[in-house]
Amino acid sequence: MEITINYSNMGYYSEELEALIRQVLTKGAELQKVPDTAEISVLICDGPVIHELNRTYRDVDAPTDVLSFALNEGEDDVPEEESELGDIVINLDRAEEQAREYGHSREREVAYLSVHGFLHILGYDHYDPEEKKAMRATEEAILSACGLERVMDGN
């Protein structure tokens, strides 16, 4: 899978974080049997940027930790040659706050948010208890396959 990572502020650039995001998304694509030709983009940003995106595209006037924009959301018949899956936007400020709150590293939180956003693009959701259970189990499987500790219940 081709992964493009962009930054709203180059001060956020981290070779280690970028490698981690690529690792978890590649493993997620492998486990979810996503074609090698698939493409996904990730934007690493701050609270004000994601706040504006959340307001503009979801009518939610607040920052959040991660947003996912599936390019073929709601379409039943996606052309087989369609390679672009969508975009993931990660709020690095919120990732750092949540890492402290949950007692783990910023890297682990960014990995989790990457996988969480990726699964939303693939159609996973967590609005009812059964969907949430399936999504959490899939998140845990991907993160565990990457050697990252178990997803915490608060996430």
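Can Leu17 be described as crowded, with 16+ Cβ neighbours inside 10 Å and at pLDDT below 95? When the stated conditions are applied, Leu17 passes them. Every condition in (1) among the acidic types (Asp, Glu); (2) within 22 Å of Ser8 (Cα to Cα); (3) at pLDDT 95 or above; (4) surrounded by 16 or more Cβ atoms within 10 Å (Cβ to Cβ) holds for Asp61 except the one numbered (4). Is it the case that some residue within region 73-82 is of a type in the set (Gly, Ala, Ser) and touching a residue at least 12 places away in the same chain (Cβ under 8 Å)? No, region 73-82 has no match at all. Residues that are in contact with a Ser or Thr (Cβ under 8 Å, 6 or more places away or on another chain) and of a type in the set (Val, Ile, Thr) within region 19-65 comprise Ile21, Val24, Thr37, Ile40, Val42, Ile44, Val49, Ile50, listed in sequence order.
For region 93-121, the candidate set comprises residues that are without any contact (Cβ under 8 Å) to a residue 40 or more places away in the chain and more than 20 Å from Ser144 (Cα to Cα); within that set, the residue that is surrounded by the fewest Cβ atoms within 10 Å (Cβ to Cβ) is Arg100.
The values are calculated or read from the model by the stated rules, or taken from the named source; none is laboratory data. Not measured: the values here are computed from a predicted model. In this analysis, Cβ positions are derived from the backbone assuming ideal geometry, glycine residues included, and neighbour counts consider all displayed protein chains.
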